[in-house]
Structures are given as structure tokens and as C-alpha cells.
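Read through the structure below, which is laid out as C-alpha cells, and then see the notes.
The values are calculated or read from the model by the stated rules, or taken from the named source; none is laboratory data. Bear in mind the structure is a predicted one, so any value in this text is a computation, not a measurement. Positions of Cβ are backbone-derived with ideal geometry, glycine not excepted, and every protein chain shown enters the neighbour counts.
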Amino acid sequence: MAKPLELTGRVFGHLTVIKRVENNKHGRTMWLCQCDCTKYTTVEGAKLVNHTTISCGHVHKGLKAAFKAQQEKRIDGVQTYLYSGKLTPSNKTGVKGVSLVKYKDTVRFRAQITVRGIRHDLGTYDRITEAMEARRKGEEELIPRE
């Protein structure tokens, strides 16, 4: 059996290793750790080193609460708040859901929207204003409202 690593004083996520404690019932090396939130917890050494455990549990609780809050914002299972958010860095038009399409020597504007994982092609247009209008109509028709 390999000699366990010395982890005392090392930091793994939110946990600072205080000292080695008695092995668990499976013979695995256990460590007493103090979390940033001041709570103490005992963690298996391998879970620290592999970053499987990074806190006393408060991080998981926070993520769970954030996920629940996000779920509550959904309407009929659709994250409607995403449709008015920031543009991706690759967006060249400055309009959400409208992209540039180059055909030989011409530039056109494609309107698209993805709802529940299904991409809806709303058409390709000569003018950006036409593509913007198609996107707006697509949002009205496809995104559920309260």
C-alpha cells in the first residue's frame, strides 16, 4: 500500500486541511478540514486531491438554491430570460438571433431562434431590419408568456 500524501496546510477549493485523522471503515485516509465558512468537516484524501469535494457542503447548497431560482424563472420549461441577454462575442450584427450570411458577392441576414433545444430558421433577408422583425415575430410566436 502506498504511503498517503501529506496534505496538512494545503488548500482545496474552500477547504484548508488541518490534520490527518483516523482512516475510515474502508481504510481510506481521512483529513480534518476547515471550510471558508468556518465549519469543520472530515474528507477522504482522494476526494480532496481529485477536487471531488471542495467545501463542507455550503457550495453545493448555494448552487442548488441558484438552480432552483433559475427554474422558477422558467415559463413552461423555457428560459425566457435568455432571449434578451448579452450577445455572444461572435455576433457581427449587434442583434440577438440575427447573423450575417455571405453568398458569393452579397451579404444577407439570417434570423433564427432556439426554443427547447429546437432551432427555428426564421428566414434570410436582404435588410437587417427585415431579419430583426422576423426574429421579433419568432419570439412572440415561440416563446411562452406568463
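Hey, among PHE12, PHE67, PHE109, which residue is within 23 Å of the chain's Cα centre (by Cα), aromatic (Phe, Trp, Tyr) and modelled with pLDDT of 90 or more?
On the way: PHE67 fails: modelled with pLDDT of 90 or more; PHE109 fails: within 23 Å of the chain's Cα centre (by Cα).
After applying the criteria, what remains is PHE12.
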Scanning segment 22-48 for residues that are surrounded by fewer than 13 Cβ atoms within 10 Å (Cβ to Cβ) and of a type outside the set (S, T, N, Q) gives GLU22, LYS25, HIS26, GLY27, ARG28, CYS37, TYR40
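With at pLDDT below 85 and either of a type in the set (A, V, I, L, M) or surrounded by 10 or more Cβ atoms within 10 Å (Cβ to Cβ) (or both) as the only criterion, which of PRO89, PRO4 stands out? I'd like the intermediate steps shown before the answer.
Numbers: PRO89 fails: either of a type in the set (A, V, I, L, M) or surrounded by 10 or more Cβ atoms within 10 Å (Cβ to Cβ) (or both).
Of PRO89, PRO4, the one residue that is at pLDDT below 85 and either of a type in the set (A, V, I, L, M) or surrounded by 10 or more Cβ atoms within 10 Å (Cβ to Cβ) (or both) is PRO4.
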Looking at segment 127-137, which of its residues are in contact with a strand residue (DSSP E or B) (Cβ under 6 Å, 6 or more places away or on another chain) and within 20 Å of LYS104 (Cβ to Cβ)? ILE128, ALA131
